[in-house]
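Please read the structure below before turning to the comments.
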Amino acid sequence: MRTQVGIVGAGPAGLTLSQLLHREGIESVVLEARSREHVEQRLRAGVLEQAIADLLVDAGAGERLQREGIVHHGIELQFDSERRRIALSDLTGRAIVIYGQTEIVKDLIRLRLDAELPLLFEVSDVSVRDLESERPGIHFSHEGAAHVLECDIVAGCDGYHGVCRPAIPAGVLSEFSREYPFGWLGVLAAVPPSNDELVYSHHARGFALMSLRSPELSRLYLQCRPHEDLAEWPDARIWEELQTRLGLDGWTLAEGPILEKGVTGMRSYVAEPMRFGRLFLAGDAAHIVPPTGAKGLNLALHDVSLLAEALVSWYRGGSSALLDAYSDACLRRVWRAEHFSWWMTSMLHRVDSDDDFDLRLQLSQLRYVTTSTAAATSLAENYVGIDRI
């Protein structure tokens, strides 16, 4: 098998890259270890920066996004039993779009299969080799047969637990990480959202987030232990805790059937450089952020947007300048997002070691952010996405 760009991973990064390349006449093959059903059902992020929504539309993957995406012009921070709004659009001129990562993946898979472009699910024994040569290869098995995919470029879009990053020899990568002593218990509930915008709540019992996936589905989160046992969280307890952490006088959180629940650990992680030879890492294969800042999906698609631009320049004009600059260009945005996500997480979450001094620092920061135009603008600019870094 031979192609121009071999893409490992059919998540939003790999699929978006394949679509961007297809629009420019560059061939690719996408390989995915999981089944199509699994990939299309993974619940993930749902907050898109305006630039990322525009990217998907420009790539021809925005038909449903434009029809079903919900545009929000602000978020609310709740603390001291009141909510204060951060007017994202008024402060930055940009908005966010609520559209689930699952739906993006479905849209991109449909486009690729409708165009009869190669997308293989349930591949196994994947390895990437000869990365410093002009003909790197992806070795894999599919439907009982062994294959080698020769390509010019390998795009590692296979996530933190994938095979691409570990294929980089020891001593090349520098890795930076931070573990957090809490996680998020997330639920998807069949009940219309109780608020018009996202609510980030600071509470003595821990953080809570009120979000949504559609006008009929609410997405809600509770700060919990990183390895929380879901058996200890029947639906009644979840709703009781959500009511406590999100409750306000004169306002009621609507309850409904919980369709799905799960616990997500919280960590920050960066591997650099994001290139080794002909291998280019993108998305969670290279970096992870805690979800508080809504940056993970957006960072992944910023990565592949830069990679696609660099590949077009290389194939069409023979210039490797953008490919050579890829890692540094990505990492500037990655570290900005890492700081913002850490800052949001630290401001809103309680930890076991917190004392009254820590609590008052958090409340002081929240008051400042919600009363200072300069501070609110900084939060808003980072939340909606910075154009160039």
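The values are calculated or read from the model by the stated rules, or taken from the named source; none is laboratory data. Since the structure is predicted, the reported quantities are computational estimates derived from the model, not experimental observations. Glycine gets a Cβ as well: all are built from the backbone with ideal geometry, and neighbour counts include every protein chain shown. Just so you know, the surface numbers come from the protein's heavy atoms only, side chains and all, with ligands and any DNA or RNA stripped out. Shrake-Rupley method; radii C 1.70, N 1.55, O 1.52, S 1.80 Å.
The number of residues in the range 1-28 that are among the polar types (S, T, N, Q) and farther than 16 Å from L279 by Cα comes to 2.
One residue stands out in the range 29-41 among those that are farther than 18 Å from A300 by Cα and more than 17 Å from the chain's Cα centre (by Cα): the one that is surrounded by the fewest Cβ atoms within 10 Å (Cβ to Cβ), namely E37. Look at the range 131-159: where a residue is among the basic types (K, R) and a partner is open to solvent by 10 Å² or more (accessible area, probe 1.4 Å), sitting 6+ places away or on another chain with Cβ atoms under 8 Å, you get R135/E150; R135/D152.
Okay, residues lined up against (1) out of contact with any strand residue (DSSP E or B) (no Cβ under 6 Å at 6 or more places or on another chain); (2) more than 19 Å from E82 (Cβ to Cβ); (3) part of a helix (DSSP H, G or I); (4) of a type in the set (S, T, N, Q):
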{"site": "S346", "(1), (2), (3), (4)": "yes, yes, yes, yes"}
{"site": "V351", "(1), (2), (3), (4)": "no, yes, no, no"}
{"site": "L359", "(1), (2), (3), (4)": "yes, no, yes, no"}
{"site": "L366", "(1), (2), (3), (4)": "no, no, yes, no"}
{"site": "V369", "(1), (2), (3), (4)": "yes, no, yes, no"}
{"site": "A376", "(1), (2), (3), (4)": "no, no, yes, no"}
{"site": "A380", "(1), (2), (3), (4)": "no, yes, yes, no"}
{"site": "Y383", "(1), (2), (3), (4)": "yes, yes, yes, no"}
{"site": "I386", "(1), (2), (3), (4)": "yes, yes, no, no"}
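Against the test of being part of a loop (DSSP other than H, G, I, E, B) and either open to solvent by less than 30 Å² (accessible area, probe 1.4 Å) or in contact with a helix residue (DSSP H, G or I) (Cβ under 9 Å, 6 or more places away or on another chain) (or both), the options G25, G14, G6 yield a single qualifying residue, G25. Name the single residue that is surrounded by the fewest Cβ atoms within 10 Å (Cβ to Cβ) among those in the range 310-352 being in contact (Cβ under 8 Å) with a residue 40 or more places away in the chain and among the hydroxyl-bearing types (S, T, Y). Ranking the candidates gives Y315 first. Pairing each residue of the range 294-309 that is closer than 21 Å to M344 by Cα and of a type outside the set (S, T, Y) with any residue that is at pLDDT below 95 and open to solvent by 10 Å² or more (accessible area, probe 1.4 Å), provided the two are 6+ apart or on different chains, yields C-beta distances under 7 Å for A294/A45; G296/A45; L297/R44; L297/A45; L297/Q101. Residues that are among the small types (G, A, S) and modelled with pLDDT of 95 or more number at least 3 in the following strands (runs of 3 or more DSSP E) confined to the range 164-227: 174-189. Criterion first (modelled with pLDDT of 95 or more and in a strand (DSSP E or B)) does V30 satisfy it? Criteria met by V30. Evaluating L259 against the criteria (1) of a type in the set (A, V, I, L, M); (2) surrounded by 15 or more Cβ atoms within 10 Å (Cβ to Cβ); (3) under 21 Å from S194 (Cα atoms); (4) touching a strand residue (DSSP E or B) at 6+ places or on another chain (Cβ under 7 Å) leaves one unmet condition, (2). The single condition among (1) modelled with pLDDT under 95; (2) open to solvent by 70 Å² or more (accessible area, probe 1.4 Å) that G100 does not satisfy is (2).
For the range 42-79, a residue qualifies if it is open to solvent by 20 Å² or more (accessible area, probe 1.4 Å), closer than 15 Å to L15 by Cβ, touching a residue at least 60 places away in the same chain (Cβ under 8 Å) and part of a helix (DSSP H, G or I), and exactly one does: L55. Can you tell me which residue in the range 121-175 is least open to solvent (accessible area, probe 1.4 Å), limited to those that are aromatic (F, W, Y) and within 26 Å of the chain's Cα centre (by Cα)? Residue satisfying both the conditions and the ranking: F121.
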